[in-house]
Each structure stands twice: as C-alpha cells, then as structure tokens.
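Structure, as structure tokens:
The values are calculated or read from the model by the stated rules, or taken from the named source; none is laboratory data. Source: prediction; values computed, not measured. Only protein heavy atoms, including side chains, enter the accessible area calculation; ligands, DNA and RNA are left aside. Shrake-Rupley method; radii C 1.70, N 1.55, O 1.52, S 1.80 Å.
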Amino acid sequence: QVQLVESGGGLVQAGGSLRLSCAATGIGFSNRVMAWYRQAPGKERELVARLTSGGTPYYADFVKGRFTISRSNGKNTLALQLNSLKPEDTAMYYCSAHWGTVDVWGQGTQVTVTT
C-alpha cells in the first residue's frame with residue numbers, strides 16, 4: 001500500500017518551533033525525491049523544501065535559514081524542522097514523493113502560528 005502519513009503539526013506562537021514527520025510505506029522511499037509543500041487558505045500550494053535520494057536539499061527562499069529538511073532511509077521517514085516560525089507560515093503542510101510521472105501526497109498536517 002502506497003501511503004504517506006504526516007504528523008507533528010500544531011499551534012505555536014511566533015518565534016517558536018515545530019517538527020513535522022512523514023512516515024512512508026510502499027514507495028521505495030530510499031530511491032525517491034521527497035518534498036514538503038504547504039497551502040494556506042485562499043492560496044496555491046507551494047514548495048517548501050525538497051530532498052533528493054542522495055541527500056541534496058533545496059529550500060524555498062522564504063524558509064532558508066529557518067527550516068531544515070531531513071530523511072532517514074532506514075526508517076522510511078521524512079522530517080521538517082521549523083524554527084523561528086512566523087504567522088505567515090500558517091498553512092497545511094503536505095509530504096510528497098516524486099518519481100517519473102508519479103506524485104504521491106499525504107493528507108497534510110496543520111501548522112498555525114499566532115502572534
């Protein structure tokens with residue numbers, strides 16, 4: 001069964017931190033490009049960070065220096081450490097896997113940052 005399950009979202013004050021996790025099954029995790037996206041109400045889904053199977057990261061400019069993406073191929077998990085959170089980081093965060101023409105998405109985890 002192909003599945004991505006996110007966890008770790010929540011409510012946090014500005015300046016705080018959260019750690020999101022994504023548990024993957026059935027996708028050949030170690031060979032996949034993995035990514036985190038987010039979507040705020042009324043806005044399009046946007047790429048937050050991406051990590052190749054070899055461990056090369058890419059970050060959107062709006063999270064550079066604040067968020068860190070990581071993976072454990074042994075545990076089939078993807079993580080996103082969110083530091084120095086801002087109210088504009090409030091969104092549903094989605095884990096995704098990509099290979100060829102295939103895109104797999106999780107159900108999302110909500111991050112809400114208050115002032």
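Of all lysines in the structure, the ones whose alpha carbon falls short of 19 Å from that of Lys43, not counting any fewer than 8 places away in one chain, are Lys86. Once the 1.4 Å probe is applied to the protein heavy atoms, the chain comes out at 51 Å² accessible per residue. Of the solvent-accessible surface of the chain, computed with a 1.4 Å probe over protein heavy atoms with every protein chain present, carbon and sulfur atoms account for 48 percent. Applied to the range 72-82, the Karplus parametrisation 6.51 cos²θ - 1.76 cosθ + 1.60 on θ = phi - 60° returns per-residue 3J(HN,Hα) values of 10, 5, x, 9, 6, 10, 10, 10, 9, 8, 10 Hz, with x for Gly and Pro.
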